[in-house]
Amino acid sequence: LARGYHEKVISHYEKPRNVGSLPKNDIDVGTGLVGAPACGDVMKLQIRVDENGVISDVKFKTFGCGSAIASSSYMTERVKGLSLEDAEKIKNTEIAKELCLPPVKLHCSMLAEDAIRSAIRDYRTKRSKLSDPKKAGYIDVSQSAATGETVATAHPPA
Ligand code: FES
């Protein structure tokens, strides 16, 4: 395995940082799940965002090559403590450069860029649904036929 990989890749591969999962239904968690069509490798990256819009926790799971695992591990360290705006600006070329990936492994770092963007998108979609709770199905507002009273019932989204 080690042959041809740069030591930085091997370091992340052997001791990946922030492996695991966050509870996907938490309202402050965004989940990105992406795949690389070229090889079929899959990466899941999740972020937890605090009330200031800063990424407070990150976890990943990658089923893929050493470069993909190293790219996602590097990405989790890189985005922790960043605002969403700064995190979505991170380019795969930065990761590739940092890990000294050869050109044939560029798509592996692309997976990490796609994954963080997809996690941010998921988080924002969740939040925008929250600001329209009726649409999201969190709260049902109806008028009682009997009393004319407005009744609000909270329930999880369908
Ligand atoms: Fe496909 Fe690395 S070979 S992600």
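No value in this document is a laboratory result; all are computed from the given coordinates. Not measured: the values here are computed from a predicted model. Using ideal geometry, Cβ is built from the backbone for each residue, glycine included, and neighbour counts are taken over all protein chains shown.
Through the Karplus equation 6.51 cos²θ - 1.76 cosθ + 1.60, θ set to phi - 60°, convert the phi angles of region 40-55 into ³J(HN,Hα) values in whole Hz; use x for Gly and Pro.
Per-residue couplings from phi come out as x, 6, 10, 10, 10, 10, 10, 10, 10, 10, 7, 5, 8, x, 10, 6 Hz.
Could you give me the ³J(HN,Hα) list for region 58-74, computed from phi with Karplus coefficients 6.51, -1.76, 1.60 and θ = phi - 60°, whole Hz, x at Gly and Pro?
Computed from phi, the couplings for region 58-74 are 9, 9, 9, 9, 10, 9, x, 6, x, 5, 5, 5, 5, 4, 6, 4, 4 Hz.
Where does helix 106-130 land angle-wise versus the long Cα axis of the chain, in degrees 0 to 90, nearest 10?
Tilt relative to the chain: about 10 degrees.
Looking only at Ala119, Ala70, Ala38, which one moves most when the chain is put into a Gaussian network model with springs between Cα atoms under 10 Å?
The residue with the greatest mean-square fluctuation here is Ala38.
Answer rounded, prolate or oblate for the chain, using the Cα gyration tensor with square roots of eigenvalues a ≥ b ≥ c: rounded when a/c is under 1.5, else prolate when a/b is larger than b/c, else oblate.
On the way: a/c = 3.32, a/b = 2.86, b/c = 1.16.
Prolate.
Give me the one-decimal nm value for the distance between modelled label points at Lys91 and Arg127, 7 Å along each residue's Cα-to-Cβ direction.
For Lys91 paired with Arg127, the spin-label model returns 2.5 nm.
Per residue of region 17-27, in order, report the coupling 6.51 cos²θ - 1.76 cosθ + 1.60 (Karplus, θ = phi - 60°) as ³J(HN,Hα) in whole Hz, putting x for Gly and Pro.
8, 6, 7, x, 9, 10, x, 5, 8, 4, 6
Anyone know which of Ile90, Ile47, Ile116 comes out most mobile in the 10 Å Cα GNM of the chain?
Ile90
If I model a spin label as a point 7 Å beyond the Cα along the Cα-Cβ vector, how far apart are those points for Ala145 and Lys24 in nm?
3.9
Please give the charge dipole size of region 1-108, origin at the Cα centre, charges +1 on K and R Cβ atoms and -1 on D and E Cβ atoms. Round to the nearest 20 debye. Mind dumping the intermediate values first?
Values: 15 positive and 14 negative charges, 96 e Å.
So the magnitude is around 460 debye.
Treat the count of other C-beta atoms within 10 Å as a stand-in for reagent exposure and order Thr76, Thr125, Thr147 from fewest to most. Don't skip to the end; give the middle numbers.
On the way: Thr76 26, Thr125 12, Thr147 8.
Listing Thr76, Thr125, Thr147 from fewest to most nearby Cβ atoms yields Thr147, Thr125, Thr76.
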